[in-house]
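Visitor: Got a structure for you, questions after.
Just so you know, all these numbers are worked out from the coordinates, no wet-lab data involved. Bear in mind the structure is a predicted one, so any value in this text is a computation, not a measurement. Here the Cβ positions follow ideal geometry from the backbone for every residue, glycine too, while neighbour counts run over all protein chains shown.
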Amino acid sequence: MSEKKELYVSPGEKGKRGFEDLECYQLALEVMAKVHVLSETLPAKEKFDLYSQIRRSSKNTTGNIGEAYGRYHYLDSLHYYSIARGELMETLARLIDSRVLDYIAQQEFESLYKLIRQAEQALNGFMSYVRRQRAGAQEYGDKKVREDQADYEVNLDEEVDDVGK
C-alpha cells in the first residue's frame, strides 16, 4: 500500500508547527483542494453562484481553524472552531446542491461526503479537547476575553472641515 501524498508540507518541525499539525485542519485542507477541483467542472452558469459559494466556504473552513488556533482563550478558540464547522457544513450543503442539480456523479459525491464527515468528526473531537483544556481560564476566567469599550466624544455642533485643512 502506498502512502498518500501530503497536500502541504510545512517547513516547520513536525509536531511543533501549530494548526498545520491538526488532523481536522489537514482533512479540511483536503476537502478544500477537492472542492476546488470539483468546482472547475460546474456549468458556466454557476460561475457567480454555486461555484463561488462552495469555494469560499471550503476556504473559510481552513481559515477559521487557523484563526481559532491563534486565539489565546479557549472560548475565543471555540468560537472560531464553531464557525469553521459551520463553513464545513455550508460546503456540504453546496455539495448536496451540486448532486441534486446533477452537476456531479453519485460516486464523486459520496467520496466528498465521507471526507467532509471525517473532517467534521475530527473537528468536533478537537473542540472537545480544547473545551477540556480550558486554556486561558486561569488568567481570565470562563468568559470570553474582551477589550474595554472605548468612549468617543462626538460634537455634532461643530462644522466639518475639508480633509487636509
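Visitor: Under a Cβ-Cβ cut-off of 11 Å, what is the net charge of the residues other than Gln118 that fall near it, where Lys and Arg count +1 and Asp and Glu count -1?
Guide: Net charge around Gln118: -1.
Visitor: Just the projected area, averaged over all directions, of the convex hull on the alpha carbon atoms of segment 23-135: how many nm²?
Guide: Result: 6.4 nm².
Visitor: Mind listing the phi-derived Karplus ³J(HN,Hα) values for segment 40-46, rounded to whole Hz, using 6.51, -1.76 and 1.60 with θ = phi - 60°, and x for any glycine or proline?
Guide: Each residue of segment 40-46 in turn: 5, 8, 5, x, 4, 5, 9 Hz.
Visitor: Which GluC sites (Glu not before Pro) from segment 13-80 combine a DSSP loop assignment with at most 15 other Cβ atoms within 10 Å? Kindly include the intermediate steps, with their values, before the conclusion.
Guide: Working: sites: Glu13, Glu20, Glu23, Glu30, Glu40, Glu46, Glu67; in loops: Glu13, Glu40.
Sparse-neighbourhood loop GluC sites (Glu not before Pro): Glu13, Glu40.
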